[in-house]
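Scroll down for the structure; my scribbles are underneath it.
The values are calculated or read from the model by the stated rules, or taken from the named source; none is laboratory data. Note that the structure is a prediction, hence the values are computed from the model and not measured. In this analysis, Cβ positions are derived from the backbone assuming ideal geometry, glycine residues included, and neighbour counts consider all displayed protein chains.
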Amino acid sequence: MTSNHHPSRVLLTGATGYVGGRLLPLLLSTGRPVRCLTRRASSEDNFDGKNIEVVVGNALDEESLIAALKGVETAYYLIHSMGDNEDFEQTDRRAAENFAKACTSQGVKRIVYLGGLGDPSDKLSKHLRSRQEIGDILRTSTASVIEFQASIIIGSGSLSFEMIRALVERLPVMICPKWVRVLAQPIAIEDVLAYLVEALEHPDGESAIYEIGGPEQVSYGEIMQRYAKQRGLRRYMIPVPFLTPYLSSLWLGLVTPLYSRVGRKLVDSLRNPTLVGNNKAREDFNVDPRSLDESIARALIFEDREFAETRWSDSFSAGGEEKSWGGVRFGSRLVDSRTRTVNLTAEQAFKPIRRIGGKTGWYYGNWLWKIRGFLDLLVGGVGVRRGRRDPDQVRVGDTIDFWRVEQIVDNKILRLAAEMRVPGRAWLEFEVTENEDGCSVRQTAIFDPVGLFGIVYWYSLFPLHEFVFRGMLRNICKAAVASTD
């Protein structure tokens with residue numbers, strides 16, 4: 001047993017990836033020092049905190065792996081190259097061979113690997129076959145290997161979940177190939193992480209493969225319908241027999257954010273059932289996987305929390321004008337953000353923001369805001385008649401016309417949640433940040449569309465938003481300057 005005074009060092013590969021990025025803080029919470037392997041020196045800025053060490057290396061360079069694994073007791077292998085242009089099987093094979101050799105030379109005791117679930121007796125897709133081959137290669141090292149083979153991972157940001165989201169959100173009627181009816185055993189990302197963390201304390205022994213999944217066996221089509229239900233959408237699926245993986249990947253490329261080559265590899269693997277064949281993981285680990293509905297709900301809640309904590313000043317260029325048509329996508333949300341700089345204090349710059357709405361108005365195109373309020377009344381919304389509780393002071397929960405104050409940090413942030421009738425959820429946020437030139441004032445419009453109508457709504461109104469929001473920010477800054485004269 002490892003002494004509490006000298007916790008064993010852990011190496012984490014893939015720390016900037018989907019699973020690795022969520023695993024890192026959990027590993028750090030155990031008190032162990034964690035060394036992160038990254039391919040680019042520029043990535044070092046992404047890691048900050050006590051007990052984190054960053055080394056630059058590449059799994060295709062055995063010498064860099066030897067340096068990275070020095071003094072490491074447990075190594076997490078979360079590397080794959082499915083998105084590479086070259087033959088990903090060959091690349092993954094070389095990387096795993098190098099890693100196994102380096103672990104042997106450095107006396108690593110344990111390798112924890114996350115692979116893919118699938119019955120080897122089936123004619124597995126190239127992707128699943130490669131994932132299982134990697135486990136075989138890692139087991140050629142002298143370290144014991146704990147391999148988790150997972151079905152579909154449900155979590156905001158996972159490749160499979162994002163494909164489901166894009167299809168359901170954009171297509172009221174879906175033409176469904178055969179793979180939509182293949183059974184899987186989806187598992188929440190939180191449960192995958194729980195298995196990975198618990199592997200640190202797993203008793204020493206022989207290498208083992210654990211098949212992990214949630215409690216339900218469902219098809220991709222069922223997962224999509226369950227997602228649609230939680231988003232309040234009705235979706236119709238028309239099965240067709242002739243959509244090959246290649247044609248499916250081209251179709252996915254049109255309606256989802258996936259790269260076509262990644263989509264083809266992913267779809268090709270969906271023809272294989274991914275079902276848990278035994279209860280070994282349940283018996284050896286203290287993890288009770290969540291239901292599919294709870295997994296989807298938690299994915300959406302996590303996305304809300306992560307989104308709420310996002311600092312747009314970190315996400316956009318310093319000038320705030322790095323934009324694309326329709327704004328920038330964050331998860332399911334569409335974001336339109338802009339910034340202006342004023343030579344004022346934060347208190348001075350924030351003053352007109354705190355007074356927005358009610359009798360003060362919206363600083364630009366007030367007649368357009370009134371029309372929007374009237375249209376909202378016609379469809380049973382609240383309109384703009386509510387005004388404000390106080391012309392100068394704002395607190396969380398206050399109504400401001402057809403908005404409600406969701407967050408207020410005086411002289412820093414005002415976030416308003418829309419209560420008008422829209423096909424989705426909408427926010428308007430103002431953030432003031434002091435800098436060398438005075439203050440930057442950032443204005444961000446955020447929309448979480450529901451279904452195809454929500455997406456059409458956003459893009460059709462985007463030219464008007466561009467016109468109104470640009471003028472609003474300009475006049476807010478003018479009002480701030482004028483109030484100091």
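General observations
- Condition broken by Asp122, with the remaining ones in (1) part of a helix (DSSP H, G or I); (2) touching a residue at least 24 places away in the same chain (Cβ under 8 Å); (3) surrounded by fewer than 24 Cβ atoms within 10 Å (Cβ to Cβ); (4) not basic (Lys, Arg) satisfied: (1)
- Pairs with Cβ under 7 Å, 6+ apart, first in region 395-420 and free of Cβ contacts under 8 Å to residues at least 40 places away in the same chain and not assigned by TED's automatic domain parsing to the domain that holds Thr339, second surrounded by 15 or more Cβ atoms within 10 Å (Cβ to Cβ) and in a strand (DSSP E or B): none
- The single condition from (1) of a type in the set (Gly, Ala, Ser); (2) over 30 Å from Ile164 (Cα atoms); (3) not in a loop (DSSP other than H, G, I, E, B) that Gly397 fails is (3).
- For region 454-479, filtering for residues that are in contact with a strand residue (DSSP E or B) (Cβ under 9 Å, 6 or more places away or on another chain) and in contact (Cβ under 8 Å) with a residue 24 or more places away in the chain leaves 15.
- Residue, surrounded by the most Cβ atoms within 10 Å (Cβ to Cβ), within region 341-372, restricted to residues that are under 17 Å from Phe402 (Cβ atoms) and β-branched (Val, Ile, Thr): Ile356
The rows are residues; the columns are (1) assigned to a loop (DSSP other than H, G, I, E, B); (2) modelled with pLDDT of 90 or more; (3) under 25 Å from the mean Cα position of the chain (by Cα); (4) among the β-branched types (Val, Ile, Thr).
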{"position": "Gly21", "(1), (2), (3), (4)": "no, no, yes, no"}
{"position": "Ser43", "(1), (2), (3), (4)": "no, no, yes, no"}
{"position": "Glu63", "(1), (2), (3), (4)": "no, no, no, no"}
{"position": "Ala67", "(1), (2), (3), (4)": "no, no, no, no"}
{"position": "Ser81", "(1), (2), (3), (4)": "yes, no, yes, no"}
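- Each residue in region 295-317 was checked for being over 17 Å from the mean Cα position of the chain (by Cα) and modelled with pLDDT of 85 or more, and 0 pass.
- Pro177 being within 30 Å of Val450 (Cα to Cα) and modelled with pLDDT of 85 or more: no
- Residue satisfying all of: in region 373-393; modelled with pLDDT under 85 and not in a loop (DSSP other than H, G, I, E, B); surrounded by the most Cβ atoms within 10 Å (Cβ to Cβ) among these: Asp376
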